[in-house]
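Let me begin by presenting the structure, written as structure tokens, before commenting on it.
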Amino acid sequence: MGSRRPDRRGFLKGSAALAGGLTVGAVEPALGQTPAPGGFIKGSDERVAYGERSRFVTSVRIAHGGRPSPDEFGLDFHIATPLQDSVGVITPSSLHYVGTTRGSFVPDIDPREHRLMIHGMVDRPLTFTMEDLKRLPSVTRMHFIECAGNRSRRQQTSIQETHGMTSCAEWTGVLLSVLLKEAGVKDRGTWIVAEGVEEVKGASSIPMAKAMDDCLVCYGMNGEAVRPQQGFPLRLLVPGFEGIFATKYLRRVKVVDRYYMTYNDYGHLRRDPEGAALGYQIGPKSVITFPSAGQQLPGRGFYEVSGLAWSGGGAVGRVEVSTDGGRRWMDAEIRGTAHRMAHTRFSFQWNWDGTETELLSRCTDELGQVQPTRAQIAEFFNAPGVPGQDNSIQPWRIASDGSVHNAIA
Ligand SMILES: Nc1nc2c(c(=O)[nH]1)N[C@H]1C(S)=C(S)[C@@H](COP(=O)(O)O)O[C@H]1N2
Ligand SMILES: [Mo]
């Protein structure tokens, strides 16, 4: 399975030859003035105070997994982000996916009342107000979150259904290590349990090495306060780990000496320590966002194939694309900077000849971990009753009429 870089000059020559006729067929030669807008958007106090998008932009989140959000009691369950419309790597806060452990109310927290307690096996138990936290040294980092249940199934007809339970934002807050060092972790403290404010608590056990490495206690998201659905006023971020560890409405971090069974646990307990550790971390993954299932190509010719890649293991090192169902793989271009544990945009220049084919993408992270095929993952996961992530390669079928379909057999 050799990989080849697309030949840039060859590509440009090819498209120039086609540009005279069919390739970028829809682009017309300039003949006169471009149309003027029919109206204008009237100013309002609300639009001055807090902007809104164009009424022509209609991309929305959808309830996910066959359970309504909101339900009859006003609870949200899983809500999926419209990846098919994404550009760049930041998910707008209004479109960030929402994951709840068992269906949850969104607590309405007054940040002046909110407290974060660090206790358990520490020298000095501490309680922080939001003001206290904002006085401490901060970091700002790009990170994805992905629900472990984000998986593609045959019957799904859009990328929003197959992959919409992941998003990427710019997060700002204090490193958890700063708070833990302030409290002074005792030698026996080898795990933490992080807990949210709800009755269900959304508590998770996290190894101390991870807590001390790069976990972030966040109050900022995409340049403003974290949104209520994402954990306002404070949420934990556990970069690269399954989304369930990223405790929202964080109010307590307890230092303990063992793994705690909590309401959140499902299949994280393994005898083999290596398997257990890897069970927390999201594997290398990628998906082509355009063209993706449910979209329609207007005709043959040039397209920039574009998608997102990410890994819990670090930065994306390489993305390959196949336009012939996986026979040949070619390097895609990384657009922008590949941040660690963050969505990374890739693109690939493609001339579609109008015949039916399958598009696939494959991510390799900086550790050298390669995104598996669906057959490979089926050996371990996806068997009935076996929990675990599915980071397998997603095939999209392009029919000869330009319609795009989920090609999972
Ligand atoms: N307090 C609390 N934290 C929580 C949850 C929850 O229900 N309550 N859900 C978890 C799950 S299952 C996921 S996938 C992520 C989703 O984060 P997001 O809603 O900001 O996308 O939050 C996690 N943190
Ligand atoms: Mo989740």
Mind giving me the FRET efficiency for ASP123 and GLU224? R0 is 30 Å, r the Cβ-Cβ distance, nearest 0.05 is fine. 0.25
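Over the range 115-278, average the accessible area per residue using a 1.4 Å probe and give it in Å², no decimals.
42
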All Cα pairs of the range 115-278, percent lying beyond 20 Å: 51
How much mean residue ellipticity at 222 nm does the chain get from its helices, if each DSSP H run of length 4 or more adds -39500 (n - 2.57) and you divide by all residues, to the nearest 500 deg cm²/dmol? -3500 deg cm²/dmol
Of VAL255, PHE128, GLY223, whose Cα points farthest to the positive end of the dipole of the chain (charges on the beta-carbon: +1 Lys, Arg; -1 Asp, Glu; origin at the Cα centre)? VAL255
Measuring from its Cα centre, the range 288-332 shows a charge dipole (+1 at each Lys and Arg Cβ, -1 at each Asp and Glu Cβ) which, in debye to the nearest 20, is 100
Placing +1 on each Lys and Arg Cβ and -1 on each Asp and Glu Cβ in the range 115-278, then taking the dipole about the Cα centre, the residue among THR166, TRP191, CYS147 whose Cα reaches farthest towards the positive end is TRP191
Could you pull out the longest piece of the chain with no exposed loop trypsin sites (Lys or Arg not before Pro) in it, calling a site exposed if DSSP puts it outside H, G, I, E, B and it has at most 14 other Cβ atoms within 10 Å? 329-409
Taking 7 Å along the Cα-to-C-beta vector as the label spot, tell me the ARG112-ALA36 distance in nanometres, rounded to one decimal. 5.2
Towards the positive end of the charge dipole of the chain, with charges on Cβ (+1 Lys, Arg; -1 Asp, Glu), say which of ALA378, SER69, SER94 has the farthest Cα. ALA378
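Once you list every other residue whose beta carbon is under 9 Å from the beta carbon of LEU250, what net charge do they have if Lys and Arg are +1 and Asp and Glu are -1?
+3
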When the chain is modelled as a GNM with alpha-carbon springs shorter than 10 Å, which of VAL178, VAL57, VAL287 fluctuates the most? VAL57
Taking just the alpha carbons, could you work out the radius of gyration and Dmax for the chain, both in angstroms? 23.1, 76
The range 285-406 - charge dipole about Cα centre, Lys and Arg +1 at Cβ, Asp and Glu -1, debye rounded to 20: 180
Which listed pairs, of LYS42/LYS248; LYS181/LYS248; LYS181/LYS285; LYS210/LYS248, have C-alpha distances above 29 Å, in listed order: LYS42/LYS248; LYS181/LYS285
For LYS134 paired with TYR259, estimate the spin-label separation in nm (one decimal), with each label point 7 Å from Cα along the Cα-to-Cβ line. 3.9
Please enumerate, by chain and number, the aspartates and glutamates with C-alpha under 18 Å from the C-alpha of LYS254, excluding those fewer than 8 residues away in the same chain. ASP123, GLU182, ASP187, GLU195, GLU198, GLU199, ASP213, ASP214, ASP265
Cα-Cα pairs above 21 Å in the range 285-406: how many percent? 39
Counting only protein heavy atoms and a 1.4 Å probe, tell me what percentage of the range 147-271's accessible area is made up of carbon and sulfur. 50
Grab the Cα-Cα distance for GLU52 and GLN296, subtract it from 0.36 nm times how many residues apart they are, and report the gain in nm with one decimal. 85.0 nm
About the Cα centre of the chain, how large is the charge dipole given +1 on each Lys and Arg Cβ and -1 on each Asp and Glu Cβ? Please answer in debye to the nearest 20. 480
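The values are calculated or read from the model by the stated rules, or taken from the named source; none is laboratory data. Keep in mind the model is a prediction, meaning the values are calculated, not measured. Positions of Cβ are backbone-derived with ideal geometry, glycine not excepted, and every protein chain shown enters the neighbour counts. Note: accessible area is taken over every heavy atom of the protein model, side chains too, but ligands, DNA and RNA are not part of it. Shrake-Rupley method; radii C 1.70, N 1.55, O 1.52, S 1.80 Å.
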